[in-house]
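Chemist: What follows is a single structure, and I will ask about it in a moment.
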Amino acid sequence: MKQLHNKNITNFYKKLEDVWPRDDKWHMHTHDVIFGFVYEKVMGYHLSKNQLILNVGSGGSTYDLPYEMYHLDITDTQIKQFQHWVVGSLEKLPFEDNMFDVCICVGTVINYCNPKKAIKELSRVLKPNGKLILEFENSHSMEFLFSEGFGKHVGTVTSKYFGQKHTYQVFSYKYITYLLKKYHLEIKEEKRFHILSSFLYRIIPVENIAYKASCFDKVLEHTKLSKFSSNIMFELIKIKD
């Protein structure tokens, strides 16, 4: 398994003023789906002021949530304005066991890590019955058809981000759900998106064209075609050992 979480990635993110490219409709659709899912789920928990949220790979996002949270990222560029922030790695979180009531790890953060270490750490810092919102990129996405990483439990792919080639890992649904079960995380809900659009992107590799097919996601996410979605998002609960 390749280690992709290196200085080059850190330097890339240090230079970004915004982690979401506003002129890229594919990534802005991704942004809108993720933010909407996170906001809906966390607001539904009706958290008290004493309950703690960890935002891993924050990128400066609060998801418009009216709660204080701990922001962790690989660089301080987007997070140093918050009261609680720390530069660190998802593979070795600098927090105590059973510390957080909610953990948020979205925006493909896990795809730059060893997934086994990352999921183990997220489970470790989460309280029993705590909630985790996790999103990852799927190796069965039609976007990666005929690539080296397509369909593998752990594969390496190259895509475009801010107009630059970007190398990262993709994972199979089977492998991620195996790890979730291993570390006592039970799926409450899952959401898939970029389904038909991933196929269109494979044919016409232009983000602002391919994203248009995303309007069919709600129809397709509960069909067999959802297997080929680019993104999968979970709402999880930590069950007792």
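The values are calculated or read from the model by the stated rules, or taken from the named source; none is laboratory data. The shown structure was predicted, so the numbers you read here are calculated from the model rather than taken from an experiment. Virtual Cβ from ideal backbone geometry, glycine too; neighbours counted across all protein chains shown. Calculation scope for accessible area: heavy atoms of the full protein, side chains included, ligands and nucleic acids excluded. Shrake-Rupley method; radii C 1.70, N 1.55, O 1.52, S 1.80 Å.
Chemist: Sorted by average packing, counted as other Cβ atoms within 10 angstrom per residue and highest first, what order do 46-58, 129-141 take?
Modeler: 129-141, 46-58
Chemist: What FRET efficiency comes out for Asn129 versus Tyr175 if R0 is 35 angstrom and r is the Cβ-Cβ distance? Round to the nearest 0.05.
Modeler: The computed FRET efficiency comes out at 0.90.
Chemist: Determine the alpha carbon to alpha carbon distance for each of Lys152/Lys182; Lys117/Lys218; Lys120/Lys218; Lys80/Lys174; Lys127/Lys152 and list only those over 25 Å.
Modeler: From Lys152/Lys182; Lys117/Lys218; Lys120/Lys218; Lys80/Lys174; Lys127/Lys152, over 25 Å: Lys117/Lys218; Lys120/Lys218; Lys80/Lys174; Lys127/Lys152.
Chemist: What do you get for chymotrypsin sites (Phe, Trp or Tyr not before Pro) in segment 138-241 restricted to DSSP loop and a cutoff of at most 10 other Cβ within 10 Å of the site's Cβ?
Modeler: Filter output for segment 138-241: Phe146.
Chemist: Can I ask one more? For Glu190 and Met28, compute 0.36 nm times the residue count separating them, minus their Cα-Cα distance, and round to one decimal in nm.
Modeler: This chain segment gains 56.3 nm when fully extended.
Chemist: Roughly to the nearest percent, how much of the accessible area of the chain is carbon and sulfur, given a 1.4 Å probe?
Modeler: The computed percentage sits at 53.
Chemist: With a length cut of 24 Å (Cα positions projected on each helix's long axis) and a Kyte-Doolittle mean of at least -1.0, go through the chain and give me the DSSP H helices that pass.
Modeler: Qualifying helices: 25-43.
Chemist: While we're looking at this one, here's another question. Testing the spin-label approximation: label points 7 Å from Cα along Cα→Cβ at Thr156 and Val86. State their distance in nm.
Modeler: 3.0
Chemist: Please compute the per residue accessible area over segment 106-180 with all protein chains in place, 1.4 Å probe, rounded to a whole number of Å².
Modeler: It amounts to 38 Å² per residue over segment 106-180.
Chemist: Could I ask something else about it? To the nearest 0.05, what FRET efficiency results for Thr223 and Leu145 with a Förster distance of 22 Å applied to their C-beta separation?
Modeler: 0.75
Chemist: Place +1 on the Cβ of every Lys and Arg and -1 on the Cβ of every Asp and Glu in segment 124-241, take the dipole about the Cα centre, and give the residue among Pro128, Asn231, Ser214 whose Cα lies farthest towards its positive end.
Modeler: Sorting the options by dipole projection puts first Pro128.
Chemist: For segment 35-52 and segment 126-153, write down the distance between their C-alpha centroids in whole Å.
Modeler: What the calculation gives is 23 Å, centre to centre.
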